[in-house]
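Below is one structure, written out as structure tokens; comments come after it.
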Amino acid sequence: MDWLQPEVASQWRQEGKTYAHAINEFVRIGIASDWQEPQEEPEEDKRPLFAQDIMQMIIAANQADDIERLHEQVPPASSPITPYFEEQLQPVCPIGFIQDYVVVQAGNTREHTKLYVANSEQLIEIPNILRLGMSSDQQYIAKVTTAGISVVHNPDLALNGDHTAYFSWEHIQQTLKKKLARWESLADCVYPVESLIDIIPFASGTKVLIVSGYGIYMIEGEQVHLLYPEIEEMESYGEDYTTISVDMAHGAVSSDSRWIAYGSQMSEHYLLDTYTQKIHKFEPASSYPHYSLFTQDNQSVWYNACHFYNGATIKVDLTDIQKDVINEEDELPLMDQEMRVYAGASLQSGNIVGDAYGYLRMIDHNGQEIWRYFVGSTIVGIVVSPDEKWLVVGTYGGMAHWIDLQSGSRDEYTIGTAPIREQSRWILWKNQQPLRW
């Protein structure tokens, strides 16, 4: 029995074209007029009416291994279906490329997560690793288990490679307990892995940056150093301040390992020069520091601060930092004045950043938007292949999207201005077998 419901699929395609055209025209006029020209809001997307039938077809097409036909007859779209399956949704985060595959993590930080290596056609689950981080040059990985953190160079698809460092949780916690005896911290977590937000190995392969809900730390050899919050700041709060708890902690390491950008909801934007050990601080352009990203050439770092689902992004020139010509109070160049950025990736020509509304934007080094592209759900992670052909995007809608950056055109179902095309996606929902779409 054929899985395709022809009438439903036909309506899905027609409504997808109609809705995409209406939104694209609305945005085109808005941008061209600086949103001054009056317009009626586009009609609501009618595709949610078919959500249940669409999922039935996706499942049946996977059982029949008829994915190419599914992709053609039922063009993928997240926002019309995810509201009907909210209990099954989970964040999906691509971490980096290994050969032609991408390491993908599915699941919430404080719940059981699954780790995969995947391409657009194959998905391989990796057992016994709870979390994984990758250096910005995608040459080193940090594998996290209940025992500790192993750093590996040039990993294969089983995530094995040349071992360069190991840090046990026991040593990390004992060292921190001696330094931070006055405060409850990462040292006191029964399951420290559960507090991890990110872990980033440096390009040397000998140290890692830990970003957690209990602070931001740099670990090298026997040393465990608390970067944020600063001990002097904690002491200034007095004896009533007994717990290191950090909201919206974030961090990034430059590909040459010289610079660390970091912060939290209540901080300024921080920049540590690991050569001089000098810490620079910058005022955010919006309310709450939220994200940081180095450009591929290590010439600048972008900082995003959010306000609800919106935000603003500034650029700090690292050459000017070295020349000591930037002051903390200086007004810095704005790269974007709209996005609450959750993830980003650096290309030669600029940065791709993804926001809370499910949009990607390609922004050049001067802050000029080159294109925008709607994925359909809040962005969790973004990675780009070394040859800059493939963009892999993960979302809170539980999906990982393989997008061809070099396609040169977009299809008629796409919302946005980007000359790019999604070629495939994985649906990685709770309590369900992975599905291709």
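The values are calculated or read from the model by the stated rules, or taken from the named source; none is laboratory data. Computed from a predicted model, the values in this text were never measured in an experiment. Methodologically, a virtual Cβ is constructed for each residue, glycine included, from the backbone with ideal geometry; neighbour enumeration extends over all protein chains shown.
Just one of the numbered conditions (1) among the polar types (S, T, N, Q); (2) at positive phi; (3) in a strand (DSSP E or B) is not true of residue 150: (2). Go through the residues of the stretch 98-108 one by one and say whether even a single one is surrounded by fewer than 20 Cβ atoms within 10 Å (Cβ to Cβ) and within 30 Å of residue 52 (Cβ to Cβ). Yes: the stretch 98-108 contains one or more residues that are surrounded by fewer than 20 Cβ atoms within 10 Å (Cβ to Cβ) and within 30 Å of residue 52 (Cβ to Cβ). Residues that are within 26 Å of residue 229 (Cβ to Cβ), buried (at least 22 other Cβ atoms within 10 Å of the Cβ) and of a type in the set (A, V, I, L, M, F, W, C) are absent from the stretch 325-338 altogether.
For beta carbons closer than 9 Å, sequence separation of 6+ or different chains, a first residue in the stretch 303-314 that is in a strand (DSSP E or B) and a second that is at pLDDT below 95 and surrounded by 24 or more Cβ atoms within 10 Å (Cβ to Cβ), there are no qualifying pairs. Scanning the stretch 404-418 for residues that are part of a loop (DSSP other than H, G, I, E, B), under 15 Å from residue 370 (Cβ atoms) and in contact (Cβ under 8 Å) with a residue 40 or more places away in the chain yields 417, 418. Of the residues contained in the stretch 154-164, none is found to be of a type in the set (A, V, I, L, M) and within 19 Å of residue 210 (Cα to Cα). When the stretch 125-144 is limited to residues that are part of a loop (DSSP other than H, G, I, E, B) and in contact (Cβ under 8 Å) with a residue 24 or more places away in the chain, the one that is nearest to residue 209 (Cα to Cα) turns out to be 135.
Do we have any residue at all in the stretch 180-196 that's under 20 Å from the mean Cα position of the chain (by Cα), under 28 Å from residue 295 (Cβ atoms), touching a residue at least 24 places away in the same chain (Cβ under 8 Å) and part of a strand (DSSP E or B)? The answer is yes; a qualifying residue exists.
The conditions of being touching a helix residue (DSSP H, G or I) at 6+ places or on another chain (Cβ under 9 Å), part of a loop (DSSP other than H, G, I, E, B) and either of a type in the set (D, E, K, R) or crowded, with 18+ Cβ neighbours inside 10 Å (or both) are not met by residue 15. Within the stretch 135-168, the only residue that satisfies the criterion of being among the acidic types (Asp, Glu) and either over 24 Å from the mean Cα position of the chain (by Cα) or closer than 21 Å to residue 229 by Cβ (or both) is 162.
For residue 323, the conditions (1) touching an Asp or Glu at 6+ places or on another chain (Cβ under 8 Å); (2) free of Cβ contacts under 8 Å to residues at least 12 places away in the same chain all hold with the exception of (1). Taken over the stretch 150-196, residues that are of a type in the set (Ser, Thr, Tyr) and under 18 Å from residue 130 (Cβ atoms) amount to 5.
Restricting the first member to the stretch 326-353 and to residues that are at pLDDT below 95, and the second to residues that are surrounded by fewer than 15 Cβ atoms within 10 Å (Cβ to Cβ), the beta-carbon pairs closer than 6 Å and six or more apart or on different chains are 326/320; 328/281. Kindly establish whether residue 124 is of a type in the set (A, V, I, L, M) and farther than 22 Å from residue 195 by Cβ. Yes; evaluated as a whole, the condition is true for this residue. Remark: pairs (first residue in the stretch 423-437, closer than 14 Å to residue 61 by Cβ and among the small types (Gly, Ala, Ser); second residue in a strand (DSSP E or B) and modelled with pLDDT of 95 or more; Cβ separation under 6 Å; 6+ apart in sequence or on different chains) = 424/402. Looking only at residues of the stretch 221-240 that are surrounded by 15 or more Cβ atoms within 10 Å (Cβ to Cβ) and not hydrophobic (A, V, I, L, M, F, W, C), we find that the one that is nearest to the chain's Cα centre (by Cα) is 228.
Within the stretch 169-176, does at least one residue satisfy the condition of being in a loop (DSSP other than H, G, I, E, B) and more than 22 Å from the chain's Cα centre (by Cα)? Scanning the stretch 169-176, I find no residue that is in a loop (DSSP other than H, G, I, E, B) and more than 22 Å from the chain's Cα centre (by Cα), so the answer is no.
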